[in-house]
């Protein structure tokens, strides 16, 4: 799923193991994504890398709105080491 914030496209990514992040990655974008997906802030985890967990009962629904990436990619995104381009 793609959304826009201040003219920037935000991509939603999950690893299929209930971890959810966005690209470009920032805390602000994470919270925009969660609001858009109607995920409560109680699912937010700030350590070791800020991300949201997917509520188990909504895993399939939310995954359908996300791109699936590897768990290693989730960590790379959080560390700022993932440089996938935005699709056209």
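Values quoted throughout were computed directly from the atomic coordinates according to the rules given, and no laboratory measurement underlies them. Keep in mind it's a predicted model, so treat the numbers as computed, not measured. Here the Cβ is made from the backbone with ideal geometry for all residues, glycine too, and neighbour counts use every protein chain on show.
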Exercise. Can you sort 42, 26 by how many other beta carbons sit within 10 Å, fewest first?
Worked result: 42, 26
Problem set entry | Estimated 222 nm signal from helices in the chain, with DSSP H stretches of n ≥ 4 weighted -39500 (n - 2.57), rounded to 500 | -8000 deg cm²/dmol
Problem set entry | Computed label-point distance, nm, for sites residue 36 and residue 17 using a 7 Å Cα→Cβ extension | 2.5
Exercise. Once label points are set 7 Å from the Cα along Cα→Cβ at both residue 49 and residue 72, what is their separation, rounded to one decimal in nm?
Worked result: 1.2
Problem set entry | Which of 44, 12 has the fewest Cβ neighbours within 10 Å, and the rest in rising order | 44, 12
For this session: Tell me the label-point distance for the pair residue 83, residue 27, using the 7 Å Cα-to-Cβ offset, in nm and rounded to one decimal.
Result: 2.6
Exercise. If we count other beta carbons within 10 Å of each Cβ, what is the order of 66, 22, fewest first?
Worked result: 66, 22
Seminar exercise, completed: Using alpha-carbon coordinates alone, the radius of gyration and Dmax of the chain in Å work out to 11.7, 33
